[in-house]
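Chemist: Pasting in a structure now, in structure tokens, and then I'll have a few things to ask.
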Amino acid sequence: MIEVISMEQEELDSILQVVENPVRRRIMRRLSQEPAYALQLSKELGLGQPLVAKHLAVMERAGLVSSMAEASPAGPPRKKYSLAKGVSITMDVGPNVFLERGMSLKPRPSGSSSEVAIQLRKMLERAMEVKDERKQLTSLSNVLSEVDLRMEGLENARADLLDVRKQAMREASRIAGNLAGRDMRRVLFHILNEHDREVRRISEALNLRELSVKEILAELERNYFG
């Protein structure tokens, strides 16, 4: 089972600074397959070893990569690198749409799952029970294909929901255009996007005085939200 935990904005920003670099993404893609040494990554990715080492250091400081020293048969100990944690980042940008979300993915011993996930776990269990490794690999490939197909369906459904959200925000933007004052429009958009009317959080997010936020909220609730 996987536990999904929302990231704080500071953690999300830190991870985005790491993954914006295409070389680091190539390294992460390779490490997602299995751990590797810096020299090994350098050869496989066609990159200079100093460059790989530099990026690995950045990723390790951010907590995305961990390393462990191992004895080398022909020299001093060397570090083997692996991905340290699971994360999921989504970002949707367009007219009337800006959504960013970071999630930490952590294993948990038990918990509720969707019916689809339960079915796929059973399919995985059957594949793992196959004794012949060649047949087992075929079964595992089938599991992966089915999972990817289901995820594609979820992405299509999500795209449809984003379109509905975009239309709702477009209409809300039209209404916001009638409001007096840029700060009031900013507060309104914060409420619509974050579903949050807590004065302190709005004040910090928008860099507005709490007193101003209170006054704006009172007017919005009096004239628009009821």
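Chemist: Hey, what did segment 2-86 get for relative contact order, percent, Cα under 8 Å, at least 6 apart?
Modeler: On the way: 83 pairs, mean separation 24.3, N = 85.
Value for segment 2-86: 29 percent.
Chemist: Hey, another quick one. Which listed residue (L64, Q167, T90) has the Cα farthest towards the positive end of the charge dipole for the chain, taking +1 on Lys and Arg C-beta and -1 on Asp and Glu C-beta about the Cα centre?
Modeler: L64
Chemist: Using a Förster distance of 30 Å, how high is the FRET efficiency between R101 and L137, based on the Cβ-Cβ distance and rounded to 0.05? List each step's numbers first, then the result.
Modeler: Working: r = 35 Å, r/R0 = 1.15.
That pair, R101 with L137, gives E of 0.30.
Chemist: Starting at the first residue of segment 122-132, write each ³J(HN,Hα) from the Karplus equation 6.51 cos²θ - 1.76 cosθ + 1.60 with θ = phi - 60°, in whole Hz, x for Gly and Pro.
Modeler: Result, ordered by residue: 5, 4, 5, 4, 5, 5, 6, 7, 5, 7, 6 Hz.
Chemist: Could you list which residues have their amide H under 5 Å from that of V87, counting only those 5 or more apart in sequence or on another chain, with H placed in the peptide plane?
Modeler: Result for V87 returns L105.
Chemist: If you don't mind, there's one more thing I want to ask. May I ask you to derive the FRET efficiency for L144 and S72 from their Cβ-Cβ distance with R0 = 45 Å, giving the value to the nearest 0.05? Mind dumping the intermediate values first?
Modeler: Details: r = 34 Å, r/R0 = 0.76.
That pair, L144 with S72, gives E of 0.85.
Chemist: Then there is this: Step through the residues of segment 42-59 one at a time and calculate ³J(HN,Hα) from phi using the Karplus curve (6.51 cos²θ - 1.76 cosθ + 1.60, θ = phi - 60°), rounding each to whole Hz and writing x for Gly and Pro.
Modeler: 4, 5, 5, 9, x, 10, x, 4, x, 5, 4, 4, 4, 5, 4, 5, 4, 5
Chemist: Give a residue-ordered list of calculated ³J(HN,Hα) values for segment 17-27 (Karplus: 6.51 cos²θ - 1.76 cosθ + 1.60, θ = phi - 60°; whole Hz; x for Gly, Pro).
Modeler: Along segment 17-27, the couplings run 5, 7, 7, 5, 7, x, 5, 5, 5, 5, 5 Hz.
Chemist: From the helices alone, meaning DSSP H stretches of at least four residues, give me the mean residue ellipticity at 222 nm for the chain, per-run term -39500 (n - 2.57), in deg cm²/dmol to the nearest 500. Please list the in-between numbers first.
Modeler: Details: 9 runs with 132 residues, N = 226.
Mean residue ellipticity at 222 nm (helix-derived): -19000 deg cm²/dmol.
Chemist: Using Cα extents along the principal axes in Å as the read-out, say which of (i) 73, 44, 32; (ii) 56, 38, 30; (iii) 60, 43, 33 was calculated from these coordinates.
Modeler: Answer by label: (i).
Chemist: Cα centroids of segment 151-226 and segment 62-124: how far apart, whole angstrom?
Modeler: Answer, in whole Å: 32.
Since every read-out is calculated from the coordinates, none of them should be taken as a lab result. Keep in mind the model is a prediction, meaning the values are calculated, not measured. Heads up, the Cβs are rebuilt from the backbone with ideal geometry, glycines too, and the neighbour counts pull from every protein chain shown.
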